[in-house]
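Enquirer: Structure in structure tokens, see below.
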Amino acid sequence: MASAVLSLQDIYLTFGGTPLLEGAALFVAPGERIALVGRNGSGKSTLLKILAGDVEADSGTRFVQPGVTWRYLQQEPDLSAYETVLDYVQDGLVDGDDQYRAPYLLSELGLDPEASPVGLSGGESRRAALARALAPEPDVLLLDEPTNHLDLPAIEWLQDELKSMKSAMVIISHDRRFLSDLTQSTVWLDRGQTRQNSQGFAHFEQWRDDILAQEELEQHKLDRQIVREEHWVRYGVTARRKRNVRRMSELADLRQKRVDHRGPTGNVKMQATEGQQSGAIVADVKNVSKAFGDLTIVKDFSLRVMRGDRLGIVGPNGAGKSTLIKLITGELAPDDGEVQLGTKLDIAVLDQKRAQLDPETSLKDSLTGGGSDNIVIGDQTKHVVGYMKDFLFSPEQAGTAVGKLSGGERARVLLAKAMAQPSNLLILDEPTNDLDLETLDLLQEMLADYHGTVIVVSHDRDFLDRVATSILVHEGNGHWHEYAGGYSDMVALRGHGVGQRKSEPKPKKEKPKSEAKPAAPKPQKKLSFKHKHALETLPKLMEELEAKVAKLNEDLADADLYAKAPEKFQKLTEELGATQQKLDAAEEEWLEIEMLREEIEG
């Protein structure tokens, strides 16, 4: 095993009398990519700050190999001392670093290098901090939630950028796909202690479950051993003759071991309060268009949402995903077209901006609406403290202002409010933000059991794969297209993800005459018979393929098809993918020949 370039050993830290880290360790080898995982509040960010040297532990050893460079991505960066965003990023560079990486990274992350930090949002500041961390290409990168405030194109770009770097990395993230694709080993921080697995995050959940199962077995054996020893104390012949001091001491040790054992952190108890059943058609959107000034959000868009659908909506930031939801649900009127809503709709909304939460209101009043200690869940009345415990809040937090809760805790408050509201249509706008992996698992299970309809906007590819039955993706210029299946199915059918574009042949730039090479081949004088024939036949072929794709999508839109005929669903899905590929190939061939024709005639 390679020697560590940066490491922590036997780290102890206590906050407010409560032990947070108890003998934690972390070893980073050259070029190693580590996923640092654990429940919200387990101390992951604190451990990373100790590794970065920003927080000092109560005890333990921190080692940095001489000459090793590292950069730490802060959750809340401070840019106030800099005139421009570029100044902030370049200030993290040293002699010998590539000065051009700073503007390149800012451009890729959608930031103006000359912008003043004063007007940046929290998300923009985080992206600037990400650029500052990546720019020097250090020996070690310490990344705390690097995908926060990034849309899907930016996440996929970042993933490729990190893959191309030689830096060792320790990554905290709730994005399963991001961790699975990048990491080679996993450190699990659980109940103050760390365990390390030499495999990447893709193998984490099975490894974790095996450990917890073994721990449960050992606790069961311990309980049985205590019962046997107690039986001996009460009824053993030897015990009645004289006291066996050693055996009594061992029993006391066993009891203390049982008392000291800290079980796994509890899970959120999540169940949606379902309202009456809606009509079979939830929303029928016909030829809808919507624009704000010169910006077209939706153009000639049609969609039918059926009861029980799980519709995932994806696209870059600014594409209009939230606007599209408002159009589908009738909250916003279209400029053209028609939206017909189904009958008996009860809509519950989880808003990514958390506008439903008043930062000054207490946790208890936020859940109950104020003036009561009880909350109605379905046909049951429950004390608010009991409901708080279901979402991992302690009774002591009842009077805490919502604004003082952590991001993960505020996310759980929103979930608690949304789950308590009777509904048959759930609108989830970025529900995965700030949720730990275990809570995400439970949210997915809850959605699987939910009998209503779900519309979800998310940048989390794994979450969409697990939840969605179809994906609505932004194609540009106000156009949206629906694909059957989850995000991975959409990528397979479309040929690329949200962050990528099909490679189209580009016109060659004309070189100045002075640079022209005499030996360069001359342009073709005329189109070949094959090219002329293709120009005549391809448009009709593309029209037929487009019609076939539309028909297959219509067939797959049947909400009951998978349940009634899974083999037919699979066959239609495969046929759709093959047809879409033929259509893409025909379009590219036609484009190439058309450009060649223009070059010859021009």
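Enquirer: Output the residue which, of all residues in the stretch 17-31 that are crowded, with 19+ Cβ neighbours inside 10 Å and not aromatic (Phe, Trp, Tyr), is nearest to Asp434 (Cα to Cα).
Expert: Leu20
Enquirer: Given the options Asn374, Asn433, name the one that is of a type in the set (S, T, N, Q) and under 30 Å from Leu189 (Cα atoms).
Expert: Result: Asn433 is the single residue among Asn374, Asn433 that is of a type in the set (S, T, N, Q) and under 30 Å from Leu189 (Cα atoms).
Enquirer: List pairs: first in the stretch 100-111 and closer than 14 Å to Ala133 by Cα and free of Cβ contacts under 8 Å to residues at least 12 places away in the same chain, second in a helix (DSSP H, G or I) and among the polar types (S, T, N, Q), Cβ under 9 Å, 6+ apart or cross-chain?
Expert: That search, which allows pairs on different chains as well, returns nothing.
Enquirer: Still on this structure, please answer the following. Which condition does Leu405 not pass, out of (1) over 22 Å from the mean Cα position of the chain (by Cα); (2) over 30 Å from Gly320 (Cβ atoms), if it passes all the others?
Expert: With (1) over 22 Å from the mean Cα position of the chain (by Cα); (2) over 30 Å from Gly320 (Cβ atoms) applied to Leu405, the lone miss is (1).
Enquirer: Restricting to the stretch 151-193, what's the tally of residues that are touching a Lys or Arg at 6+ places or on another chain (Cβ under 7 Å), in a loop (DSSP other than H, G, I, E, B) and over 30 Å from Asp58 (Cβ atoms)?
Expert: Residues that pass the stated criteria total 1.
Enquirer: Here's a follow-up. Looking only at the stretch 405-418, decide whether some residue is touching a His at 6+ places or on another chain (Cβ under 8 Å), in contact (Cβ under 8 Å) with a residue 60 or more places away in the chain and more than 22 Å from Lys382 (Cβ to Cβ).
Expert: Looking for residues that are touching a His at 6+ places or on another chain (Cβ under 8 Å), in contact (Cβ under 8 Å) with a residue 60 or more places away in the chain and more than 22 Å from Lys382 (Cβ to Cβ), one finds none in the stretch 405-418, hence no.
Enquirer: Determine, yes or no, whether Gly386 is in a loop (DSSP other than H, G, I, E, B) and surrounded by fewer than 16 Cβ atoms within 10 Å (Cβ to Cβ).
Expert: Against the criterion (in a loop (DSSP other than H, G, I, E, B) and surrounded by fewer than 16 Cβ atoms within 10 Å (Cβ to Cβ)), Gly386 does not qualify.
Enquirer: Now, a different point. Counting only residues that are free of Cβ contacts under 8 Å to residues at least 40 places away in the same chain and under 18 Å from Pro30 (Cβ atoms), which one in the stretch 44-84 is surrounded by the fewest Cβ atoms within 10 Å (Cβ to Cβ)?
Expert: Only one residue tops the list, namely Pro66.
Conditions (1) surrounded by fewer than 16 Cβ atoms within 10 Å (Cβ to Cβ); (2) at pLDDT below 90; (3) part of a strand (DSSP E or B), marked per residue:
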{"position": "Gly279", "(1), (2), (3)": "yes, yes, no"}
{"position": "Ile313", "(1), (2), (3)": "no, no, yes"}
{"position": "Asn317", "(1), (2), (3)": "yes, yes, no"}
{"position": "Glu338", "(1), (2), (3)": "yes, no, yes"}
{"position": "Lys344", "(1), (2), (3)": "yes, yes, no"}
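Enquirer: Against the condition in contact (Cβ under 8 Å) with a residue 12 or more places away in the chain and under 27 Å from Ile455 (Cβ atoms), how does Leu350 come out, does it pass?
Expert: Yes.
Enquirer: Can Tyr72 be described as outside any loop (DSSP other than H, G, I, E, B), under 20 Å from Trp188 (Cα atoms), touching a helix residue (DSSP H, G or I) at 6+ places or on another chain (Cβ under 8 Å) and assigned by TED's automatic domain parsing to the domain that holds Glu22?
Expert: So Tyr72 fits the description; yes.
Enquirer: Which of the following residues is over 29 Å from Ala448 (Cβ atoms) and either in contact with a Gly (Cβ under 7 Å, 6 or more places away or on another chain) or not hydroxyl-bearing (Ser, Thr, Tyr) (or both): Gly371, Gly308?
Expert: Criteria check complete, one pass: Gly371.
Enquirer: Another question, then. Of everything in the stretch 491-500, what is within 26 Å of Pro566 (Cα to Cα) and in contact (Cβ under 8 Å) with a residue 24 or more places away in the chain? Give them in sequence order.
Expert: Selection gives Ala492, Leu493, Arg494, Gly495, Gly497.
Enquirer: Residues of the stretch 78-135 being of a type in the set (Gly, Ala, Ser) and in a helix (DSSP H, G or I), which ones?
Expert: Selection gives Ala102, Ser107, Gly119, Gly122, Gly123, Ser125, Ala128, Ala129, Ala131, Ala133.
Enquirer: So, in the stretch 85-119, of the ones that are of a type outside the set (D, E, K, R) and loosely packed, with under 12 Cβ neighbours inside 10 Å, which residue ends up nearest to the chain's Cα centre (by Cα)?
Expert: This residue is Gly119.
Enquirer: From Arg132, Arg176, which residue is among the charged types (D, E, K, R), surrounded by 22 or more Cβ atoms within 10 Å (Cβ to Cβ) and under 29 Å from Ile471 (Cα atoms)?
Expert: It is Arg176.
Enquirer: Filter the stretch 401-412 for residues that are crowded, with 16+ Cβ neighbours inside 10 Å and in contact with a strand residue (DSSP E or B) (Cβ under 8 Å, 6 or more places away or on another chain) and give the result.
Expert: Val402
The values are calculated or read from the model by the stated rules, or taken from the named source; none is laboratory data. Computed from a predicted structure; not experimentally measured. FYI the Cβ positions are ideal-geometry reconstructions off the backbone, even for glycines, and counts take in every protein chain you see.
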